[in-house]
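K.L.:
One structure, pasted below without further comment.
The values are calculated or read from the model by the stated rules, or taken from the named source; none is laboratory data. Model, not experiment: these values are computed from the prediction. All Cβ positions, glycine included, derive from the backbone under ideal geometry; neighbour counts span all protein chains shown.
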Amino acid sequence: MGFFALIAMWFALPLLFIFLFILPVKLMIRSLIDIVYIPRQIVGIAANARLRRNHALEHATINVLQQRYGVRRLAGLASEDGFLIRGWSDDRALSRAAGEALLRLQRGEHDLAVHRHCGTSQAVGNFLFAVLYLTVLLAGGRLQLGAVMLGGAALLLISPYLGMWIQRAFTTSIDVSDVMIIGTSPVFGRKGPAFPFSLLLGRVPEGYYVHTGSGAALHGSWIER
């Protein structure tokens, strides 16, 4: 055996070990975590009405921004008191888009509440792949690469549509009749000075947080004052 063949074998054996042993074990652990964690996450969102309404408004705002400005690289994250839009730097345009999104949702444009690239679709795809992977392992007693690849390709086609259905049914709510937009505030990365000093030093925010609230609650607090 020649010198170059020995060198090739020396590099090939670790890669073979990783492919045959480490990668399948890692995928198995990841699949077990996804099977437990992802359904719990979706159920937790489904049980939180405020979060679901803000999730719907987040999607609607991103849809409006993309319709009006053609931007594609936007990301969002909803919480109980609002939502974050990353990748956008014009707070006035964002405020207008959020107001338009809320008005259009209230007028019945419910498709705005769903977004094809929501993390829900990715989570659904990960869950389905985990089920497929563990099923193949249990049924075949060993990794069947062809079945996993074929099933994975099918899941890439199915998961976006199933994810959008789960968004409609569980993780968003179109009941936004009582939602009000309070305002926006810039969000900066962990490094550097905090707002408002970051603006004085010319730092650009990584996104803006849109604050929301209940119309009835805000009206009640105004009466008390």
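K.L.:
Any residue at all in segment 57-70 that is assigned to a loop (DSSP other than H, G, I, E, B) and either in contact with a helix residue (DSSP H, G or I) (Cβ under 8 Å, 6 or more places away or on another chain) or at pLDDT 90 or above (or both)?
P.N.:
The answer is no; no qualifying residue exists.
K.L.:
Would you please name the residue that is nearest to ARG104 (Cα to Cα), looking only at residues in segment 24-60 that are among the polar types (S, T, N, Q) and either loosely packed, with under 14 Cβ neighbours inside 10 Å or out of contact with any Asp or Glu (no Cβ under 8 Å at 6 or more places or on another chain) (or both)?
P.N.:
Checked segment 24-60; the qualifying residue nearest to ARG104 (Cα to Cα) is GLN41.
K.L.:
Tell me whether segment 90-111 contains one or more residues that are at pLDDT below 95 and touching a helix residue (DSSP H, G or I) at 6+ places or on another chain (Cβ under 7 Å).
P.N.:
For segment 90-111, residues at pLDDT below 95 and touching a helix residue (DSSP H, G or I) at 6+ places or on another chain (Cβ under 7 Å): absent.
K.L.:
Give the residue, chosen from ALA98, ALA75, that is buried (at least 22 other Cβ atoms within 10 Å of the Cβ) and either of a type in the set (A, V, I, L, M, F, W, C) or without any contact (Cβ under 8 Å) to a residue 24 or more places away in the chain (or both).
P.N.:
After ruling out the rest, the residue left standing is ALA98.
K.L.:
So CYS118 ticks every box in (1) modelled with pLDDT under 90; (2) touching a Gly at 6+ places or on another chain (Cβ under 7 Å) but one. Which box is left unticked?
P.N.:
Among (1) modelled with pLDDT under 90; (2) touching a Gly at 6+ places or on another chain (Cβ under 7 Å), CYS118 violates only (1).
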